[in-house]
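Working notes for the structure below.
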Amino acid sequence: MSKPWCSVSTKGIRLTVQIMPNAKKSEAIAVLEDALKLRLQAPPIEGKANEALIRFIADRLDVPKSAVSITHGHTSRRKMLEVTAPGLSVAAVEKALLP
């Protein structure tokens, strides 16, 4: 079952996130409209927020960082991610990421 922010793709799972950089700690806040809103403990300069986002998602989903890639929105607060992991389901992603 897909959600507006999380769906199954040909490679695995596709996520839509909206990030807030420079937070005190990295955490998922809530689903707002069609994106998962995240706070990231990294500045939005020189790709540091993107690195923190990939590390956060990989840690929460227990996949290697190489399995997580940003497909759209490298310089935007709204990003689309692709998580390549066999057997990963929308329900498992929801359970791991939602507060």
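The numbers here are math on the coordinates, done by the rules we state, and not lab data. All figures in this text were calculated on a predicted structure; none of them were measured in a lab. FYI the Cβ positions are ideal-geometry reconstructions off the backbone, even for glycines, and counts take in every protein chain you see.
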Condition first: of a type in the set (A, V, I, L, M, F, W, C) and more than 13 Å from the chain's Cα centre (by Cα). Can you find one or more residues in the range 18-30 that meet it? yes
In the range 17-63, how many residues are touching an Asp or Glu at 6+ places or on another chain (Cβ under 8 Å) and farther than 13 Å from residue 98 by Cα? 1
